[in-house]
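Worksheet: the structure to be examined is printed underneath.
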Amino acid sequence: MQQIILLTFAKTIPVDLSSIDVQRIEAEWLIDNDVSLDVVRLDKMDAVVSGNKWFKLKYYLLEAQKQQKTVIATFGGAWSNHIIATAFAAKQAGLKSVGIIRGEKPGVLSYTLIKAIEFDMELHYVSRDQYQRKQEIVTSFLNENWFWVDEGGYGKTGAKGASEILKTVRVSAYTHIVAAVGTGTMLAGLVMGSTKNESIIGISSMKGNYSIEEKIRDLLEQENGEALFEIKHDYHFGGYGKHPEELIAYINDVYYKHSLPLDIVYTGKTFYAIEDLVKKKYFEAGSKVLMIHSGGLQGNESLGAKVLAF
Ligand SMILES: *Cc1c(COP(=O)(O)O)cnc(C)c1O
């Protein structure tokens, strides 16, 4: 069993990377355009804590341990993949965790928050207004034993961890790598982990988030980082957290055709974008495309029962 050691000293978190595999997609729209598409299934790492968040957290946890902190504190919404992953990873590392949750405490807790509590995360609810002033929150909780991680794991440390996503595949076999973009941390990591012969394409899940290119460049410490990646802004389906009928129907269709479960916030939009770009001949003939399935399936629990086919 292939394992990677999260914490090289004190404690180890063995994660079974052998459960990650690469799925070849067979479809007429690919054959017609002479493009191949593989999907690396990070969603298979774990049913709850699947995908890129675990990679992004890896070096934050190491750093926290190095600094002898006892608590990991971070921010997120009621359906945040980052919150649940932080709760899980901290517990595995023998650290406590604190989640600052956007908005008033809901009458009925979300699946995500219930799971986070199960992983012993202490939750603090703050108003949407307050949530925007994160530095104030950090100051109000001032405690030298706490290690703060930015919302979504944004930062160079997160990107370094995300670069290791590409260790799970033979990168040089591909001409293009396509992934969903939220904070852009994963995308920066993919640029860092690529051989630089692959084009890196990010599909923004947010509407009109045009400052994201600069935020990614900041992580790369490169002035002309834009030469290394490209962001598509046309596949947000109405915005972050929006999942119109059309997207739900598409996700169900992909599941029936390819047995590939996608999430409603990130990977559903990304797969849709790839199909659309292939059909529009964005990829030249002979292109070998790799999609990163970054996980996030737990967020689908926000839908009512029987909305999705899986
Ligand atoms: C958080 C997340 C992303 C976005 O990652 P960023 O590093 O914030 O850009 C993509 N896909 C899934 C499933 C996520 O949970």
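Key figures
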read-out	value
Cβ-based exposure ranking for 206, 291, 186, in which fewest neighbours within 10 Å come first	206, 291, 186
Residue 234 versus residue 27: modelled label distance in nm, points set 7 Å from Cα along the beta carbon direction	1.6
Tensor-based shape of the stretch 80-125 (alpha-carbon gyration tensor, a/c under 1.5 rounded, otherwise prolate or oblate)	prolate
Flagged links, alpha-carbon separation over 31 Å, of 96/288; 66/105; 156/257; 160/269	96/288; 66/105; 156/257
Cα gyration tensor shape for the stretch 178-310, rounded if a/c is under 1.5, else prolate or oblate	prolate
Phi to ³J(HN,Hα) by Karplus 6.51 cos²θ - 1.76 cosθ + 1.60 over the stretch 145-155, Hz, x for Gly, Pro	8, 9, 10, 8, 10, 4, 3, x, x, 4, x
Vicinal HN-Hα couplings computed from phi for the stretch 99-105 (Karplus, 6.51 cos²θ - 1.76 cosθ + 1.60; Hz; Gly/Pro x)	x, 8, 9, 6, x, 5, 4
Whole-number percent relative contact order across the chain, with pairs defined as alpha carbons under 8 Å at least 6 apart	22
Neighbour-count ranking [beta-carbon atoms within 10 angstrom, fewest first] of 54, 79	79, 54
DSSP beta bridges in the stretch 20-142 [antiparallel fraction, %, rounded to 5]	25
Calculated P(r) of the stretch 53-153 - Cα pairs past 20 Å, %	31
Contour excess over end-to-end distance, with Cα ends at residue 132 and residue 301 and 0.36 nm allotted per residue	58.3 nm
Placed amide H near residue 200: partners under 5 Å, 5+ positions off or other chain	177, 230
The chain - share of DSSP beta bridges that are antiparallel (%, nearest 5)	20
Full-stretch length increase - residue 63, residue 249 - with 0.36 nm per residue and alpha-carbon distance subtracted	62.7 nm
Anisotropy class of the chain from Cα gyration tensor, a/c 1.5 cut	prolate
Value at 222 nm in deg cm²/dmol, rounded to 500, when DSSP H runs of n ≥ 4 in the chain each add -39,500 (n - 2.57)	-9500 deg cm²/dmol
Listed residues 175, 74, 139, most fluctuating in the chain (Gaussian network, C-alpha, under 10 Å)	139
Part-to-part distance (alpha-carbon centres) for the stretch 20-38 and the stretch 194-218, which is given in Å	23
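No lab work stands behind these numbers, since they all come straight from the coordinates. These numbers come from a predicted model, not from an experiment. No Cβ is skipped: glycine too gets one built from the backbone with ideal geometry, and neighbour counts run over all protein chains shown.
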